[in-house]
Amino acid sequence: MDPRRIPSIAEWFHEETKYSPRSMGLLPRPDLDSRPTPFKEWHASEPIDLVPYLPFPGFPLGPSEDQRPLDPALLSEFVGALSRILYFTGGVTGIQQSSDESWLFRAAPSAGALYPTDITLALRGIRGIEDGLYAYSVPNHQLVSVLEGDFVPGIASSFWLHPAFDGVQAVALLSGVWQRSRWRYHDRAYRRILLDTGHVLGNLVHAAQQEGLQAVPLAGFEDAALQKLLFLDPEEEGVLVGVPLRRADDVSTAADGLVAAVKRSSRSKAPPDFESDPIQAIHESSSIHQDAEVTMPPDPPVWVEGVEGTRVIPLVETLGDISHEFPGIVVSRRSTRQFTGAPVDRGDLDRVLDFAHRYATPGPVRYLNARPALQIHLVMNRVRGLEQGVWRYLPDEHQLQLIRSCDERRRVHGACLGQELARDAACLLVYSADLPRAVEVWGDRAYRYLHLDAGFLGQQLNLACVHQGLGVSGIGGFFDDMWTEILELPNDHAISYITAIGDPFAGE
Ligand SMILES: Cc1cc2nc3c(=O)[nH]c(=O)nc-3n(C[C@H](O)[C@H](O)[C@H](O)COP(=O)(O)O)c2cc1C
């Protein structure tokens, strides 16, 4: 890379938000009294109560006493499908009572359990309810009307009339609220918000499939119009993904549209204005404006550098469709807090890698924007049948390539801020990308794509691990440069996400 090249704001932001042993000590401690509520407090006198459609009794927080929900007998069956889709995507699946408050845990994991991702639905043509925008109120599992009208055509035009919107009755818009996560993680929160939203999306595709719908996640759109539609304060929150929910038999049309022209954000020049808030700066510079450049279709920056003379191992085990088990997996899953340090079987790891990365290999619907740009490394601490060391996973071939034999347990422990999870995991899977090259292709929008996709894949890893009885946890806190060293990557490669997999303590 030309040393005189001026970095983009995406590269600047990544550098600014790297953790290092020196910078960690300088970050202020979060003020426990100013922790934001992890959801917006929506209230409507006549909400759509989604609880009666859940496939189990006893959801703890139904409508409040002053609410008179719409009569379910008058509503289309589609409302039941939406109820289950929302619940298994991001509903309350666990409650922890402390002395003075109750903590709600959700279907998708979230860094620090701060839940910065909100879901809004644009609905139309559904018997018994007005066309309009509806906010998903998580604690009560209800939809609250925000605005009446058919907004689907307007939303579709923000996605340059992507054919996946044709004829749909429901579109989910996922947005991030910066302060919910920034409160604890400062500017690096933006990375975690994208990862968290990727996890939510990772559930949404399965939850929709359960109801015979195809979720088509689209992260490229003109930001300003959607931002305005949802009345989001541009300094505090932003729309991150739009997801038309299509009938599954219409998928081919949706897939065709994915090769249609898309626009890219510009490649900005760092640093941003001296006074800019870094999260606002990266969100703005990664926004796509009306007059943005059109690419047809974008050329992904495939990572080609090979490692000569190293061993390549084909993986044999695969994992078939687990969709019928998805609801059970997602309600029972919790992130592992502690691993035993015992090894896991290579066959289980093969299956997890196969399941998660089928979304990263070419298929009829392109779930991911950045998939060819994401590199996948594994540090094997203790996997029966595989040498300890640093490996690379090749998803198209379902192969592992040995980069270096070594025992990295001490180093990965340190590089994950001393989290014991990293030391005791059987293996750590790391997503990374050549950020400068990704920015050349997608503009600063690359930063969003790389983290959303890593979160999406992270959720597939989570689901597959739970299916195989393995423990699993995302790791968003790590010393970036130590990781590029461990993986022998150039310093300007962005480590986007780490997932720890291992043997969970009994009872976890
Ligand atoms: C993006 C992301 C980053 C995370 N980073 C860490 C981490 O560094 N260390 C950790 O112990 N857990 C981490 N977690 C797990 C969360 O703490 C966990 O999801 C949250 O407490 C909610 O609990 P649950 O997943 O059991 O529902 C992370 C999760 C996500 C989605």
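The values are calculated or read from the model by the stated rules, or taken from the named source; none is laboratory data. Just so we're clear, the structure is a prediction, and the values are computed from it rather than from any experiment. Please note: Cβ atoms are built from the backbone with ideal geometry, for glycine as well, and neighbour counts cover all protein chains shown. Just the protein is used for accessible areas: all its heavy atoms, side chains included, with ligands, DNA and RNA removed. Shrake-Rupley method; radii C 1.70, N 1.55, O 1.52, S 1.80 Å.
The table below gives the values:
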quantity	calculated
Under 29 Å, Cα to Cα: Lys pairs in the chain, sequence gap 8 or more or different chains	5
Rg [Å, one decimal], Dmax [Å, integer] - segment 1-132, C-alpha atoms	21.3, 67
log10 of Debye I(q)/I(0), alpha-carbon scatterers only, for the chain at 0.06, 0.11 Å⁻¹	-0.26, -0.92
Peptides ranked, highest mean first, by Cβ atoms within 10 Å: ranges 92-101, 210-219, 135-144, 230-239	135-144, 210-219, 230-239, 92-101
Rotationally averaged projected area of segment 354-508 (alpha carbon convex hull; nm²)	9.1
Area of Asp71 that stays accessible when all protein chains are in place (1.4 Å probe, Å², to 10)	80
Nearest-ten-degree value, helix 78-90 long axis tilted from longest Cα axis of the chain	30
Principal-axis tilt of helix 445-468 within the chain, Cα atoms, nearest 10 degrees	90
Between helix 346-357 and the chain: long-axis angle, C-alpha atoms, 0 to 90°, nearest 10	50
FRET efficiency for Val294 and Thr361, using Cβ-Cβ distance with R0 set to 25 Å, rounded to 0.05	0.40
The chain, accessible surface, carbon-and-sulfur percent (1.4 angstrom probe)	51
Net charge over other residues, Cβ less than 12 angstrom from the Cβ of Pro21 (K, R count +1; D, E count -1)	0
Kirkwood Rh in Å, taken over segment 107-168 so that all alpha-carbon pairs contribute	13.4
Spatial extent of segment 35-260: Rg and Dmax, with the Cα atoms as the point set, Å	16.9, 54
